[in-house]
Amino acid sequence: MNRLSIGCLWAWLLTIVPLLAENFPNAGFESGNFDGWTVGGRKDARAVVIPSGPVFEQLGQSRQFRSAGGWEGHPVAPLLDRSNNQRLLQVSSDGYIHATTESTVTIEAGKQYEVSVIALSRNGGEAIYYLEVYAIGKDRRLPLGTAQYTARSDELFRQTLTFSVEKDHPQVGKRIGLTARYRGRNLLDNASIEILPIRRSGADAIARHLPLVETLDAEGKHR
């Protein structure tokens, strides 16, 4: 291979944007503590870290899980079945419980972030699950969005919120946090963040360069 070819190869390699996965820090998670998670929302809110092995065995025997593809074909199973996944967080409450965790990942303009958490519903019925993602400000949270999902009892599911921010937005430079707002009894895996390259469509790219236009709302006020 000549020098020109080698140079082209290196240039091609340097243009690849890698997919990065960043875990939320839970230093004591694998040792049986839920350090890194804050659980509350109600006086009866409870949380305990449990071994994942028995849970995985029960999941493999679940008719609902097997009908969705089991360990081989379920869309979430490969993400849950990790060699280092020894513990799960069990949360419970008679009503809605808040499980909050914070990351070490700071938001940069022009990048796309995908925040997700895997949960197993043990609620005994159908319930709505909320995943709230925000930037951690000095004395307040700066919202980034909320994902909503309706899950059946014993359903394994993944909630995901994808966002990106532009330059000069207040969220830039802030760390990412999330709150899982769940009802009843449920199991949570460690939350994670994927940092992705932004792939804008042609129409979206054009729209981002259009000038701002002043308009009037229904009450005749300028916007």
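Observations on the model:
- Residue-by-residue Karplus 3J(HN,Hα) for region 94-100, coefficients 6.51, -1.76, 1.60, Hz, glycine and proline x: 6, x, 7, 10, 10, 10, 10
- Amide H contacts under 5 Å for TYR129: TYR149, THR150, ALA151, restricted to partners 5 or more places along the chain or on a different chain, H placed in the peptide plane at 1.01 Å from N.
- Relative contact order computed over region 105-198 (Cα-Cα under 8 Å; 6+ residues apart), in percent: 48
- Förster radius 30 Å - calculated FRET efficiency between ILE50 and ILE136, Cβ distance, rounded to 0.05: 0.60
- Note on exposure: VAL39, VAL48 ranked by accessible area (1.4 Å probe, complete protein assembly) read VAL48, VAL39, with the most exposed listed first.
- Gain in span if fully extended, ALA109 to GLN58, counting 0.36 nm per residue against the direct Cα distance: 14.1 nm
- Relative contact order computed over region 62-151 (Cα-Cα under 8 Å; 6+ residues apart), in percent: 17
- Residue-by-residue Karplus 3J(HN,Hα) for region 121-134, coefficients 6.51, -1.76, 1.60, Hz, glycine and proline x: 6, 10, 7, x, x, 7, 8, 9, 10, 10, 10, 9, 10, 8
The values are calculated or read from the model by the stated rules, or taken from the named source; none is laboratory data. In this text, all values refer to a predicted model and were calculated from it rather than measured experimentally. Please note: Cβ atoms are built from the backbone with ideal geometry, for glycine as well, and neighbour counts cover all protein chains shown. For accessibility, only protein heavy atoms count, side chains too; no ligands or nucleic acids. Shrake-Rupley method; radii C 1.70, N 1.55, O 1.52, S 1.80 Å.
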